[in-house]
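**Q** Got a structure for you, written out below as C-alpha coordinates; questions coming shortly.
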Amino acid sequence: MEFTDVIMSRRSIRKYLPDPVPEDKLRRLQEALRVAPTGSNRQPFKFIFVVSEELRKQVAEASPTQECLKQAPVLMVAACQKGRSFDTAIAVDHMILAATNEGLGTCWIGWFDRAVVAKALGIGEEYEIPIMVPIGYAAEAPGPRPRKPLDELVEVR
Ligand SMILES: Cc1cc2nc3c(=O)[nH]c(=O)nc-3n(C[C@H](O)[C@H](O)[C@H](O)COP(=O)(O)O)c2cc1C
(Lines give C-alpha, C1' and ligand atoms only; values in the text may rest on other atoms or scores of the structure.)
Protein backbone atom coordinates (compact mmCIF):
# COMPACT_ATOMS: atom_id res chain seq x y z
CA MET A 1 0.00 0.00 0.00
CA GLU A 2 1.23 3.52 -0.67
CA PHE A 3 2.44 5.05 2.63
CA THR A 4 -0.03 7.96 2.69
CA ASP A 5 -2.86 5.49 2.08
CA VAL A 6 -1.70 3.44 5.08
CA ILE A 7 -1.85 6.48 7.36
CA MET A 8 -5.16 7.74 5.97
CA SER A 9 -6.96 4.36 5.95
CA ARG A 10 -6.08 3.17 9.49
CA ARG A 11 -9.15 2.90 11.74
CA SER A 12 -9.84 1.56 15.20
CA ILE A 13 -11.47 -1.83 14.57
CA ARG A 14 -13.73 -3.20 17.30
CA LYS A 15 -15.26 -6.19 15.48
CA TYR A 16 -13.10 -9.09 14.25
CA LEU A 17 -13.46 -12.25 12.19
CA PRO A 18 -12.17 -15.41 13.89
CA ASP A 19 -9.77 -16.17 10.97
CA PRO A 20 -6.18 -16.67 12.13
CA VAL A 21 -3.45 -14.18 11.18
CA PRO A 22 -0.76 -15.81 8.97
CA GLU A 23 2.67 -16.21 10.60
CA ASP A 24 4.49 -14.18 7.93
CA LYS A 25 2.20 -11.19 8.53
CA LEU A 26 2.71 -11.41 12.28
CA ARG A 27 6.47 -11.56 11.75
CA ARG A 28 6.39 -8.31 9.72
CA LEU A 29 4.39 -6.65 12.53
CA GLN A 30 7.01 -7.81 15.04
CA GLU A 31 9.83 -6.44 12.85
CA ALA A 32 8.04 -3.06 12.76
CA LEU A 33 8.11 -3.04 16.59
CA ARG A 34 11.77 -4.04 16.65
CA VAL A 35 13.06 -1.26 14.38
CA ALA A 36 11.19 1.60 16.06
CA PRO A 37 13.29 4.38 17.60
CA THR A 38 13.71 4.62 21.40
CA GLY A 39 15.46 7.11 23.68
CA SER A 40 19.21 6.27 23.73
CA ASN A 41 18.24 3.12 21.81
CA ARG A 42 17.25 1.51 25.14
CA GLN A 43 14.48 -0.66 23.69
CA PRO A 44 12.93 -0.76 27.16
CA PHE A 45 10.01 -3.03 26.33
CA LYS A 46 8.64 -6.49 25.65
CA PHE A 47 5.76 -7.33 23.35
CA ILE A 48 3.73 -10.42 24.11
CA PHE A 49 1.65 -11.84 21.26
CA VAL A 50 -1.10 -13.82 22.91
CA VAL A 51 -2.52 -16.41 20.50
CA SER A 52 -3.50 -19.26 22.84
CA GLU A 53 -7.29 -19.30 23.23
CA GLU A 54 -7.09 -19.97 26.96
CA LEU A 55 -4.65 -17.11 27.60
CA ARG A 56 -6.58 -14.72 25.37
CA LYS A 57 -9.68 -15.43 27.46
CA GLN A 58 -7.80 -14.60 30.65
CA VAL A 59 -6.35 -11.37 29.18
CA ALA A 60 -9.74 -10.30 27.80
CA GLU A 61 -11.11 -10.48 31.36
CA ALA A 62 -9.11 -7.29 32.00
CA SER A 63 -11.87 -5.39 30.18
CA PRO A 64 -14.91 -7.68 29.85
CA THR A 65 -17.17 -5.13 28.15
CA GLN A 66 -14.75 -4.65 25.22
CA GLU A 67 -15.91 -7.49 22.96
CA CYS A 68 -13.06 -6.95 20.49
CA LEU A 69 -10.65 -8.44 23.03
CA LYS A 70 -12.63 -11.69 22.97
CA GLN A 71 -12.98 -11.78 19.17
CA ALA A 72 -9.51 -10.98 17.83
CA PRO A 73 -7.31 -14.05 17.16
CA VAL A 74 -4.22 -12.20 18.44
CA LEU A 75 -3.83 -9.88 21.43
CA MET A 76 -0.60 -7.91 21.57
CA VAL A 77 0.28 -6.80 25.08
CA ALA A 78 3.00 -4.16 25.44
CA ALA A 79 5.02 -4.14 28.67
CA CYS A 80 7.80 -1.67 29.41
CA GLN A 81 10.11 -0.38 32.10
CA LYS A 82 8.38 2.18 34.33
CA GLY A 83 8.26 5.64 32.72
CA ARG A 84 9.00 4.32 29.22
CA SER A 85 5.51 4.21 27.80
CA PHE A 86 6.40 7.03 25.38
CA ASP A 87 8.98 4.83 23.59
CA THR A 88 6.49 1.98 23.68
CA ALA A 89 3.74 4.03 22.03
CA ILE A 90 6.07 4.87 19.13
CA ALA A 91 6.86 1.20 18.54
CA VAL A 92 3.21 0.22 18.82
CA ASP A 93 2.23 2.86 16.29
CA HIS A 94 4.81 1.40 13.88
CA MET A 95 3.17 -1.98 14.37
CA ILE A 96 -0.33 -0.62 13.89
CA LEU A 97 0.61 1.02 10.60
CA ALA A 98 2.37 -2.18 9.49
CA ALA A 99 -0.84 -4.07 10.32
CA THR A 100 -2.89 -1.64 8.22
CA ASN A 101 -0.47 -2.24 5.36
CA GLU A 102 -1.04 -6.02 5.76
CA GLY A 103 -4.82 -5.59 5.54
CA LEU A 104 -5.25 -6.27 9.27
CA GLY A 105 -7.41 -4.41 11.78
CA THR A 106 -6.20 -3.17 15.17
CA CYS A 107 -7.37 -0.98 18.03
CA TRP A 108 -5.41 0.79 20.77
CA ILE A 109 -6.77 -0.45 24.10
CA GLY A 110 -5.75 1.68 27.04
CA TRP A 111 -8.76 1.11 29.26
CA PHE A 112 -8.26 -2.18 31.13
CA ASP A 113 -7.31 -3.64 34.50
CA ARG A 114 -3.50 -3.94 34.43
CA ALA A 115 -3.42 -6.33 37.38
CA VAL A 116 -5.52 -8.90 35.49
CA VAL A 117 -3.16 -8.83 32.48
CA ALA A 118 -0.04 -8.93 34.66
CA LYS A 119 -1.36 -11.98 36.50
CA ALA A 120 -2.46 -13.83 33.35
CA LEU A 121 0.91 -13.33 31.65
CA GLY A 122 3.20 -13.38 34.69
CA ILE A 123 4.44 -9.82 34.10
CA GLY A 124 6.49 -8.59 37.07
CA GLU A 125 5.92 -5.40 39.06
CA GLU A 126 8.99 -3.76 37.49
CA TYR A 127 6.99 -3.42 34.26
CA GLU A 128 4.14 -1.13 33.22
CA ILE A 129 1.52 -2.37 30.77
CA PRO A 130 0.65 0.81 28.85
CA ILE A 131 -1.38 -0.66 26.02
CA MET A 132 -2.94 -3.74 24.43
CA VAL A 133 -3.81 -4.18 20.76
CA PRO A 134 -6.22 -6.75 19.31
CA ILE A 135 -5.05 -7.83 15.84
CA GLY A 136 -7.11 -9.64 13.19
CA TYR A 137 -9.21 -9.34 10.08
CA ALA A 138 -11.87 -6.64 10.41
CA ALA A 139 -15.54 -7.57 10.54
CA GLU A 140 -16.52 -3.92 10.13
CA ALA A 141 -15.42 -1.03 7.93
CA PRO A 142 -15.87 2.17 9.94
CA GLY A 143 -15.40 5.53 8.27
CA PRO A 144 -13.02 8.17 9.56
CA ARG A 145 -13.69 9.67 13.01
CA PRO A 146 -13.87 13.47 13.07
CA ARG A 147 -10.66 15.40 13.69
CA LYS A 148 -10.03 19.02 14.67
CA PRO A 149 -9.15 21.26 11.72
CA LEU A 150 -5.44 21.66 11.04
CA ASP A 151 -5.38 25.33 12.08
CA GLU A 152 -6.50 24.33 15.62
CA LEU A 153 -3.66 21.82 15.94
CA VAL A 154 -0.76 23.36 14.10
CA GLU A 155 0.92 26.71 14.34
CA VAL A 156 3.60 27.90 11.99
CA ARG A 157 5.58 30.80 13.51
C1 LIG B 1 -3.82 5.70 23.98
C2 LIG B 1 -5.12 5.23 23.38
C3 LIG B 1 -5.98 4.46 24.15
C4 LIG B 1 -7.18 3.98 23.59
N5 LIG B 1 -7.99 3.14 24.33
C6 LIG B 1 -9.10 2.63 23.76
C7 LIG B 1 -9.88 1.66 24.48
O8 LIG B 1 -9.58 1.25 25.61
N9 LIG B 1 -10.97 1.16 23.85
C10 LIG B 1 -11.33 1.54 22.56
O11 LIG B 1 -12.32 1.02 22.06
N12 LIG B 1 -10.61 2.46 21.86
C13 LIG B 1 -9.51 2.99 22.43
N14 LIG B 1 -8.73 3.87 21.72
C15 LIG B 1 -9.09 4.21 20.33
C16 LIG B 1 -9.64 5.65 20.17
O17 LIG B 1 -10.94 5.70 20.69
C18 LIG B 1 -9.61 6.02 18.66
O19 LIG B 1 -8.27 6.03 18.21
C20 LIG B 1 -10.25 7.39 18.36
O21 LIG B 1 -11.62 7.37 18.69
C22 LIG B 1 -10.12 7.77 16.88
O23 LIG B 1 -10.67 6.77 16.05
P24 LIG B 1 -9.78 6.07 14.93
O25 LIG B 1 -8.65 5.35 15.64
O26 LIG B 1 -10.67 5.10 14.20
O27 LIG B 1 -9.24 7.13 14.01
C28 LIG B 1 -7.53 4.36 22.25
C29 LIG B 1 -6.65 5.14 21.50
C30 LIG B 1 -5.46 5.55 22.03
C31 LIG B 1 -4.49 6.33 21.17
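The values are calculated or read from the model by the stated rules, or taken from the named source; none is laboratory data. Computed from a predicted structure; not experimentally measured. Quick reminder, even Gly has a Cβ in these numbers, built from the backbone with ideal geometry, and neighbours come from all protein chains shown.
**Q** Just name the residue that is nearest to Arg28 (Cα to Cα) out of those in region 104-124 that are touching a residue at least 40 places away in the same chain (Cβ under 8 Å) and in a loop (DSSP other than H, G, I, E, B).
**A** Leu104
**Q** Looking at this structure, is Ile131 modelled with pLDDT of 95 or more, within 12 Å of the ligand (Cβ to nearest atom) and either within 28 Å of Asp5 (Cβ to Cβ) or touching a helix residue (DSSP H, G or I) at 6+ places or on another chain (Cβ under 7 Å) (or both)?
**A** Here the answer is yes, as Ile131 does meet what is asked.
**Q** In addition: Among the candidates Val21, Val35, Val50, Val59, single out the residue that is in contact with a Pro (Cβ under 7 Å, 6 or more places away or on another chain) and among the aliphatic types (A, V, I, L, M).
**A** Val21
**Q** Out of all the residues in region 136-145, is one or more aromatic (Phe, Trp, Tyr) and part of a strand (DSSP E or B)?
**A** no
**Q** Within region 125-135, work out how many residues are closer than 30 Å to Pro20 by Cβ and assigned to a loop (DSSP other than H, G, I, E, B).
**A** Adding up the residues that qualify gives 0.
**Q** Another question, if that's okay. If you scan region 101-125, which residues turn out to be within 11 Å of the ligand (Cβ to nearest atom) and either β-branched (Val, Ile, Thr) or in contact with a helix residue (DSSP H, G or I) (Cβ under 9 Å, 6 or more places away or on another chain) (or both)?
**A** Gly105, Thr106, Cys107, Trp108, Ile109, Phe112
**Q** Would you mind stating whether Val156 is outside any loop (DSSP other than H, G, I, E, B) and among the β-branched types (Val, Ile, Thr)?
**A** Judged against the criteria, Val156 is not a match.
**Q** Within region 90-100, does at least one residue satisfy the condition of being at pLDDT 95 or above, over 30 Å from Glu2 (Cα atoms) and buried (at least 20 other Cβ atoms within 10 Å of the Cβ)?
**A** no
**Q** Pairs only if they're at least six apart or on different chains, beta carbon under 6 angstrom, first in region 74-92 and of a type in the set (Lys, Arg), second at pLDDT 95 or above and surrounded by fewer than 24 Cβ atoms within 10 Å (Cβ to Cβ); list them, first residue then second.
**A** Partner pairs satisfying both residue conditions: Lys82/Glu128; Arg84/Pro44.
**Q** When both residues are 6+ apart or on different chains and their Cβ atoms are under 6 Å apart, which pairs have a first residue that lies in region 1-26 and is within 11 Å of Tyr137 (Cα to Cα), and a second that is more than 16 Å from the ligand (Cβ to nearest atom) and of a type in the set (Phe, Trp, Tyr)?
**A** Correct list of pairs: Leu17/Tyr137; Asp19/Tyr137.
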